[in-house]
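One structure is given below, encoded as structure tokens.
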Amino acid sequence: MFISSIPHTLAEEVEDVVSSAVQMHEDLRVQMHPMSYERLMVEIAVHNGEILFLDEQLMSAAYDPTGLVPLDEILNDEWESLIPDDYRAVDEKTGQTHVYAIPFNNDSSFLENLGVELENPLVAIVPIYAENKAFSMELLQYIMETN
């Protein structure tokens, strides 16, 4: 699900970008919504969205590591170096630092392939309520590595 300034008319292009991953999981649907705190709160409240791609401005409302899946295992060294400290947090149970959000700026192949240029980075998170966390992480890794 996208809650960002990416036009909803690009939903088909987003599906094309992840077409190989769609074949791995037929239930994949791309939802595009305009950037809105209210929309974000509603979608989180009803536990909608396996991966949320948010305009960075919305992160103040969405970023709570206790409600997000750690994403460390899908990061290679290059991506690891691109993650700002703001998207890392210490797990209170283990004391280990984890990455909970992945930014995509205008230089990312993903946004370049969509042909969009955004004022703010797009940030991906996987909410803890995601029904298929393994697939969500696999899809996010696919987007990072192949686009």
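Throughout, read-outs are computed from the coordinates displayed, never taken from laboratory work. Please read these numbers as outputs of a predicted model, since none were measured by experiment. Ideal geometry is used to build each Cβ from the backbone, glycine not excepted, and the neighbour counts take in all protein chains shown.
Annotations
- Evaluated on the chain, the Kirkwood hydrodynamic radius is 15.4 Å, with distances taken between all distinct Cα atoms.
- For M32, nonlocal amide neighbours, meaning residues 5 or more places apart or on other chains whose placed amide H falls under 5 Å from its own, are F2.
- DSSP loop trypsin sites (Lys or Arg not before Pro) with at most 12 other Cβ within 10 Å excluded, longest remaining stretch of the chain: 30-92
- Take every DSSP beta bridge whose two residues both sit in the chain; close to 70 percent of them are antiparallel.
- The range 67-115: proportion of alpha-carbon pairs further apart than 18 angstrom, %: 36
- Span from the the range 24-72 Cα centroid across to the the range 86-121 one, whole angstrom: 13
- From its DSSP helices (H runs of at least four residues, each -39,500 (n - 2.57)), the chain gives a residue-normalised ellipticity at 222 nm of -9000 deg cm²/dmol.
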